[in-house]
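*Asks:* Pasting in a structure now, in structure tokens, and then I'll have a few things to ask.
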Amino acid sequence: MSADFFYGIEVVINGLMAGVLYALVALGFVLIFKASGIFNYAQGVMALFAALTLVGVMEGQVPFSHLINAIFGTEIHHFGWHVPALLAIFLTLLVMVFFAWCVQKFVFRHLVGQEPIILFMATIGLAYFLEGVGDLMWGSDIKTIALGLPQGGSLWLEQATSGLGGDDFYGFFIDKLDIVATLVAAVLVISLIVFAQYTKQGRAMRAVADDHQAALSVGISLNFIWVLVWSLAGLVALVAGVMWGAKSGVQFSLSLIALKALPVLMLGGFTSIPGAIVGGLIIGVGEKLFEFLIGAPFLGGATENWFAYMLALVFLVFRPQGLFGERIIERV
Amino acid sequence: MFYREAGDFKTSYEADNQTFPIAFDRYRYWAVLAVAYLVIPFIINDYWANAIFVPFLIYAIAAIGLNILVGYCGQVSLGTGGFMAVGAYACYKLMTAFPDVNIVLHVILAGGITAIVGAAFGLPSLRIKGFYLAVATLAAQFFLVWLFNKVEWFYNYSASGQINAPERFVAGVPVTGANTAPWAQYLICLVFLTVCAIVARNLTRGTLGRTWMAIRDMDIAAEIIGVNPLRAKLSAFAVSSFFIGVSGALFFAVYLGAVEVGEAFGIQKSFLVLFMIIIGGLGSIFGSFAGAAFLVVLPVALKVIGVDLLGWPTDIVSHLQLVIVGALIMFFLIKEPHGLAQLWRLAKEKLRLWPFPY
Amino acid sequence: MKLKSLATLALTGTLAAGPALADLVIPDLSYRTGPYAAGGTPFSDGYQDYFNLLNARDGGIGGEPIRIIECETAYNTEKGVECYEATKGEGALIYQPLSTGITYQIIPKAIVDEIPIHTMGYGRTSAANGEVFNWVFNYPANYWDAASVMVNYLLEENGGSLEGKKIALLYHNSAYGKEPIRTLEELSAMHGFELSQLAVDHPGQEQKSQWLQIRRERPDYVLMWGWGVMNQVAVQEAANIGFPMENFIGNWWAGAEHDVTPAGAGADGYKSLNMNRVGDLPVFEEIKTLVHDAGNAAGDGSNVGNVLYTRGLYAAMLAAEAIALAQENTGKADIAASDVRDAMEMLEITAARMEELGMPNIGPEFSVTCQDHGGTGLGIVQQWNAADAQWVALTDYIAPDDSVTDPLVAEDSAAFAAENNITPGCL
């Protein structure tokens, strides 16, 4: 076997890993879209906000310190304590639940029954709002997540496989962070599925996703369910924010990961959790392989961004509702 | 009292078919035109031209274009930035390849080229609908930006990768380049906007506009009554892209003078123009103006209030600006999901009775 | 016509609320928000702190107080245009636009408005040709110099020959990122190294493909032209694949503290170019006592001594020196922007002068002429020490190979002159 063949496999493996990271972001979109028909553009900013909050809480940063200092002329920045990681994660989740409650209470409750594009627009407003609040609360410098996540290539795997493809092959490279992300994503998806299948709230959530009015008529509180899905989306956002933030530091650009999730959604369907995962994997592998085989050697590289969308577009032409989306039935 | 539909009797078909059949609308229209053409050019300065009016006029053209596609034909598109880039680069290539041809012609041709590209990227709309289509148009956005960045021919192999608008004249007055007077910049954009708006208004109340609206409201039903969806959708994409291309060309040549594709025509631009039409009102030409004005003026106004009047630190003001713009968008949608245009309609209702309500 | 100018006057009057005529107005187009805020904040802090120091210590320049007008651009061209138009009427003396897009915007406008632009190590490289770009200055160095300095550094490391070496350029897929390509291609032909180019699309959060390719091809060196989130991710990915960090060299916009801290210990040994010295300077003490303790700090005062803070300070110093020289030349304290331009063309920065200002060796010695607005193009190579969390200068100022960059500058500026009907010449 030639080294190129093994490198191809390596690209596929890394594509799968990248796909998991895309799927993590896409998952948050799917949860909200399924339950309420809202295409939540703010998901990326939620990931940023959640990660910022986590870092801020852990390091004992004073929220809105810059604003407070500017108004009152004080010089406060830190509380001077460090919160242990688990407690900080818990506190961050509380913040995300509170955020979900606010979003429901102040925005989407008033927009029930509006057209999808209006709801979409409202989430864009929300994205702006949250971005501004995040910046005001925690400042706009780049922060480092100190959760002790492993980073770097897996040396063991590299050495174990280095003999495969001759002298030009250096063994498979897999980032340990990606492995962790995959495990976390697996746990997350399994627990979401278990939650949706076997708990009362989970069933209620599925009922709402199926038919709002029928769910309402059997006594399910729509309000509660919507707060619930926004909270779950907040949880997913936190995980995505931490995983992406571990690579680049927590910074503004984190909100742009939403753009990486959109082709995944198109491909997998807006309403399917397995679709998000499979879509993520296909996009991850597809774009990496295209860059490896065609993009970098022939087109000058940097093709991944648009190729992901092109790939999804081609899929859609054959299946307009995405791979796993609900069949669109139209009646006159 | 002031706004009356009744009592305005038409005695000829011509009068009945005019663009603004209601007297008040007509007077308003002429009044706005008079102010725009006869007052503003004489008092405009560099700041007002470059910070407010020229961007407003150009974005209004783009918003009208996108509104035709989204508001009238119901095809959500997020490729606006990419199509504006097509307009800009087409204009640049034409300007440098045929320096003797009038710039106005170049801008129109740039619009035409964009229309062809837009129609090509509109093809998937025959299969894909709703948000799926919106995301699919992002493929156009990312691909076009990548293309203009990659292929050096588009920027004439310049080492900087930027395109610069050379100086061009209309009737002996420079309209592009550094020596352009603010009123010239303003007027050329205004003329284009006026023509575009009149064309758009008449298109949307003619046969073509009605087929678009039929497709928007229910495409299957429209097909059954004999609307050809292929023609309707592609014509909407083409016409919409034409306007967007014109605005892209003006954005590059008249407003900025030098652009780099990723920075000027990135995905943010697509979202910005979409915000404009949703805030302004889908399916309304007036809404396109209102939305463009809202999103051009509001940030500047907030900055002037925060920094210049209150003297706050610039970073806090610009964070607050995000918070306020976001909150206002949500507030407007809750109060009036149909945009500023609907507020205007309500205001007209009020005007009809004022000052003698029931 | 009379009506028009009257009305214009009325409009500007209400807008600018009566500019105070006697001040030296310095606009600061900063970006403390948006995706690049981490880089913009320290630069702007340094830029403003130095002028505040001059105000506090000397009462301004030549007895004339300095008024800084800060305007937030968020690195966005349209906001930058708004900022430029809003501040130019206040009597702005010099612009430091701080973004490639805004620079290209302002270049033609500044010629008409007669305000000099100083683009320090960014912007349009060929602006070094002062006969074409009369109003633009990009001393002390530009991107093409940077590429050449990098190669010269590597030549030195390899005993004068790069024959057969493989060098990869990892660049942000934008005009900025593509700047060094032409220079590096020339140099590759000259020194016989193999150049491969890897583009990273904006914003650059996902660079797995590029780094896997680097891992496969095993280049001897990786040079990076990165910006924003791309820098942090690239440093992290380099550490991940185990690329020897001492062979990974970023340009001067990819070599600040915030670019390397997210990668933690993995970033240790990463190198970058710098156009200014790093480390402690006597002037910092003065800034702390006279500016920060007086409560006039721009920002929260935590950035003193950072790479980009020092760069901002350096930029402010160059501007202040030019203004002082302009005052000396014209013999009056209240000068116009065109006087500053004339002075910038005669500017000479000597080691003694930098010492005197409390910033010894902050930049290279250079002098500007009408023909050459680009300075000497010298740069240092610095290395990140993760344990002490600081940048350490490895070399003294290294000179670029002017025989490579000069023809490129001449070619590109000639193209600009032809496109815009400019007859090259001194003002």
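Where a number appears in this text, it was derived from the coordinates with a stated rule and is not lab data. Keep in mind that what you see is a predicted model, and the values were worked out from it rather than measured. As a convention, Cβ positions derive from the backbone with ideal geometry for all residues, glycine included, and neighbour counts pool all protein chains shown.
*Asks:* Pick from B:LEU193, B:LEU57, B:LEU94 the residue whose mean-square fluctuation is largest in a GNM of chain B, springs joining Cα atoms under 10 Å.
*Replies:* So, out of B:LEU193, B:LEU57, B:LEU94, the one fluctuating most is B:LEU94.
*Asks:* Counting Lys and Arg as +1 and Asp and Glu as -1, each charge on the Cβ, what is the dipole of the range B:46-353 about the Cα centre in debye, to the nearest 20?
*Replies:* It comes to approximately 960 debye.
*Asks:* Determine the distance separating the Cα centre of the range C:240-309 from the Cα centre of the range B:249-304; give it in Å without decimals.
*Replies:* 37 Å
*Asks:* Let me know the charge dipole size of the range C:63-152 about its Cα centre in debye, to the nearest 20, where only the beta-carbon of Lys, Arg (+1) and Asp, Glu (-1) is charged. Mind dumping the intermediate values first?
*Replies:* Details: 5 positive and 11 negative charges, 41 e Å.
Here the range C:63-152 has a charge dipole of around 200 debye.
*Asks:* How would you classify chain A from its alpha-carbon gyration tensor, with a ≥ b ≥ c the square roots of the eigenvalues: rounded for a/c under 1.5, else prolate if a/b is greater than b/c, otherwise oblate?
*Replies:* oblate
*Asks:* Each residue of the range C:349-360 in turn: what ³J(HN,Hα) in whole Hz from Karplus with 6.51, -1.76, 1.60 and θ = phi - 60°, glycine and Pro shown as x?
*Replies:* Each residue of the range C:349-360 in turn: 9, 10, 4, 4, 5, 5, 4, 4, 7, x, 9, x Hz.
*Asks:* Still on this structure, please answer the following. Per DSSP H run of at least 4 residues, take -39500 (n - 2.57); add these up for the protein assembly as shown, divide by its residues and hand me the 222 nm value, nearest 500 deg cm²/dmol.
*Replies:* Working: 43 runs with 629 residues, N = 1117.
Here the helix-only value at 222 nm equals -18500 deg cm²/dmol.
*Asks:* First measure r as the distance between the Cβ atoms of B:ALA6 and B:ALA31, then evaluate 1/(1 + (r/R0)^6) with R0 = 30 Å and state the FRET efficiency to the nearest 0.05.
*Replies:* So the FRET efficiency works out to roughly 0.85.
*Asks:* Now, a different point. For the protein assembly as shown, give me the percentage of DSSP beta bridges that are antiparallel, rounded to the nearest 5 percent.
*Replies:* 40 percent
*Asks:* Between the helical axis of C:307-330 and the dominant principal axis of chain C, each derived from Cα atoms, what acute angle in degrees is found, rounded to the nearest 10?
*Replies:* Tilt relative to chain C: about 40 degrees.
*Asks:* When a footprinting reagent is the concern and you count Cβ atoms within 10 Å, what order do B:TRP212, B:TRP312 take, fewest first?
*Replies:* The fewest-first ordering by Cβ neighbours comes to B:TRP312, B:TRP212.
*Asks:* Same structure, new question: Hey, fewest Cβ within 10 Å first, where do A:VAL112, A:VAL332 land in order?
*Replies:* Fewest-to-most ranking of A:VAL112, A:VAL332: A:VAL332, A:VAL112.
*Asks:* Pull up the cross-link candidates among the aspartates and glutamates for B:LYS93, meaning alpha carbon to alpha carbon under 16 Å and not fewer than 8 places away within one chain.
*Replies:* Straight-distance partners of B:LYS93: B:GLU152, B:GLU167, B:GLU260, C:GLU419.
*Asks:* Counting other C-beta atoms within 10 Å, which of B:LYS150, B:LYS335, B:LYS233 has the fewest, and how do the rest follow?
*Replies:* Final ranking by Cβ density, sparse to dense: B:LYS335, B:LYS150, B:LYS233.
*Asks:* If you don't mind, another one. Return the FRET efficiency for the residue pair B:GLU336, B:GLN18: r is the Cβ-Cβ distance, R0 is 22 Å, and the value is rounded to the nearest 0.05.
*Replies:* Result of the calculation: an efficiency of 0.15.
*Asks:* If you find the alpha carbon centre of the range C:341-407 and of the range A:110-144, how far apart are they in angstrom?
*Replies:* The distance from the Cα centre of the range C:341-407 to that of the range A:110-144 comes to 44 Å.
*Asks:* Here is a follow-up. May I ask for the net charge around C:ASP334, where only other residues with Cβ less than 11 Å from the Cβ of C:ASP334 are counted and Lys, Arg are +1 while Asp, Glu are -1? Don't skip to the end; give the middle numbers.
*Replies:* Values: positive: C:LYS332; negative: C:ASP23, C:GLU64, C:ASP339.
Residues near C:ASP334 contribute -2 overall.
*Asks:* Could you list, by residue number, the cysteines of the protein assembly as shown that have no other cysteine's beta carbon within less than 4.7 Å of their beta carbon?
*Replies:* A:CYS102, B:CYS73, B:CYS91, B:CYS189, B:CYS196
*Asks:* Rank A:ALA127, A:ALA296, A:ALA42 by mean-square fluctuation in a GNM of chain A with C-alpha springs under 10 angstrom and give only the top-ranked residue.
*Replies:* A:ALA296
*Asks:* Let me ask another. If the cut-off is 20 Å between C-alpha atoms, which lysines fall inside it for A:LYS176, apart from same-chain ones fewer than 8 positions away?
*Replies:* A:LYS247, A:LYS288, C:LYS208
*Asks:* Of A:ALA302, A:SER272, A:PRO320, which is farthest towards the positive pole of the range A:225-332's charge dipole, taken about the Cα centre with +1 and -1 on the beta-carbons of Lys, Arg and Asp, Glu respectively?
*Replies:* A:SER272
*Asks:* Suppose every K and R has +1 on its Cβ and every D and E has -1 on its Cβ; what is the size of the dipole of the protein assembly as shown about the Cα centre, in Debye to the nearest 20? Don't skip to the answer; put the middle values down first.
*Replies:* Numbers: 60 positive and 94 negative charges, 1191 e Å.
So the dipole magnitude of the protein assembly as shown works out to roughly 5720 debye.
*Asks:* To continue, here is another question. Just to confirm my numbers, what's the Cα centroid distance between the range C:110-174 and the range A:214-245 in Å?
*Replies:* 51 Å
*Asks:* Per residue of B:123-132, what is the mean number of Cβ atoms on other protein chains within 10 angstrom of that residue's Cβ?
*Replies:* Details: counts 1, 5, 0, 2, 6, 8, 5, 7, 9, 14.
Mean inter-chain Cβ contacts per residue within 10 Å come to 6.
*Asks:* Checking the cross-link filter: which aspartates and glutamates have an alpha carbon closer than 17 Å to that of B:LYS350, excluding same-chain neighbours under 8 positions apart?
*Replies:* In chain and number order, the partners are B:GLU5, B:ASP25, B:GLU336.
*Asks:* While we're looking at this one, here's another question. Projected onto the charge dipole of the protein assembly as shown (+1 at Lys/Arg Cβ, -1 at Asp/Glu Cβ, origin at the Cα centre), which of B:ASN102, C:LEU347, B:VAL273 gives the Cα projection farthest towards the positive end?
*Replies:* B:VAL273
*Asks:* Most fluctuating residue of B:GLY177, B:GLY306, B:GLY87 in a GNM of chain B with Cα springs under 10 Å: which is it?
*Replies:* B:GLY306
*Asks:* What nm distance separates the two modelled labels at A:LYS200 and C:THR350, each placed 7 Å from Cα along Cα→Cβ?
*Replies:* With each label placed 7 Å out from Cα toward Cβ, I get 8.7 nm.
*Asks:* Let me ask something additional. Could you tell me whether chain B comes out rounded, prolate or oblate from its Cα gyration tensor? Rule is a ≥ b ≥ c as square roots of the eigenvalues, rounded for a/c under 1.5, then prolate if a/b exceeds b/c, otherwise oblate.
*Replies:* Rounded, because the longest to shortest axis ratio a/c is under 1.5.
*Asks:* Restricting to chain C, compute how many DSSP beta bridges are antiparallel as a %, nearest 5. Present the calculation step by step, with values, prior to reporting the outcome.
*Replies:* Numbers: 13 of 41 bridges.
So the antiparallel bridges in chain C amount to around 30 percent.
*Asks:* Given the pairs B:LYS150/B:LYS269; B:LYS269/C:LYS271; B:LYS303/C:LYS271; A:LYS260/C:LYS79; A:LYS143/C:LYS288, which are separated by over 29 angstrom at their Cα positions? Walk me through the numbers on the way to the answer.
*Replies:* Values: B:LYS150/B:LYS269 20 Å; B:LYS269/C:LYS271 36 Å; B:LYS303/C:LYS271 39 Å; A:LYS260/C:LYS79 27 Å; A:LYS143/C:LYS288 25 Å.
Correct reply: B:LYS269/C:LYS271; B:LYS303/C:LYS271.
*Asks:* Explain nothing, just compute: Karplus ³J(HN,Hα) = 6.51 cos²θ - 1.76 cosθ + 1.60, θ = phi - 60°, for every residue of the range C:44-58 in order, whole Hz, x for Gly and Pro.
*Replies:* 5, 4, x, 4, 6, 4, 5, 5, 5, 4, 4, 4, 6, 8, 10
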